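What follows draws every value from the coordinates through simple rules; no lab data is involved. As the structure is a prediction and not an experimental result, all values here were calculated from the model.
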Amino acid sequence: MTELIARKLRHVAPDTNRVLLDDLEIQVSGSDRIGLAGPSGSGKSTLLRSLAFLECRTTGSIDLDGTRIQQGDVPRYRRDVAYLAQRPGFVAGTVEDNLRLPFQFHAASQDHSANPEFDRSAAVDRLKAFGRSDAFLDQDVATLSGGERQIASLIRSMLINPRILLLDEPTSALDADATAVVENVMQDWLQASGDRAWVWISHDANQLNRIANRTWTMNEGKLR
Ligand SMILES: Nc1ncnc2c1ncn2[C@@H]1O[C@H](COP(=O)(O)OP(=O)(O)OP(=O)(O)O)[C@@H](O)[C@H]1O
């Protein structure tokens, strides 16, 4: 069973000296649906980015399945624990070019533990689940709306088959209908295996009720 344990996660904002993560102790296990709430600027994104090893100023330790993650393990770790940014980054090109990116990064890394390859039919299946045709694969990312960027980014993360998704307001640019589709697809994804989990940031209390079975609230560097 997947078990991510973070100990003494600490992050002090460089400009203000505000303590954003105050020695946090965190556990995420397979099948957890964790909602992450808290005021703007309280450090929610900083926490998820820290759990994805994207915040070099954060100190503390992270163990996955009982193994301490060292810097050299990060590429492999990011296949298991995937972070989805609120404003996803893309390279110039089509949606498909961008869905292929994580597989290219993986091939270029020193991690040869498995050899995942981009599977176009799996991508098309995911697109259909999100109500998109395969023409979406050929669309230039420069022409995507904010919501479409979020959907492309979700698909990109799901294709690498992570066990834990760290979702930073993944539906913030979507209308109510599209949000419902995303929530349903994500619930199906979670239930397809008893060993998947997410931490999902949302400012919407109703959404947190739908997508979380427990909620962390971030305030002044602490979680409660
Ligand atoms: N690259 C950065 N350099 C300096 N300060 C930053 C940087 N990124 C974030 N911050 C600051 O760190 C604090 C926490 O930001 P963070 O994005 O983690 O908050 P948040 O709780 O996710 O907010 P929101 O709900 O508005 O997305 C904020 O005060 C923000 O201004």
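Summary table below
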read-out: The range 142-158-the range 39-73 distance, computed between alpha-carbon centres (Å); value: 24 Å
read-out: Over the range 121-165, volume per residue of the alpha carbon convex hull, in Å³; value: 76 Å³
read-out: The range 103-224: projected area of the alpha-carbon convex hull, averaged over directions, in nm²; value: 9.6 nm²
read-out: Estimated translational D of the range 3-223 in µm²/s (Stokes, Kirkwood radius over Cα pairs; 4 °C; 1.567 mPa s); value: 72 µm²/s
read-out: Eligible lysines near Lys222 by straight Cα distance, threshold 20 Å, same-chain separation 8 or greater; value: Lys8, Lys44
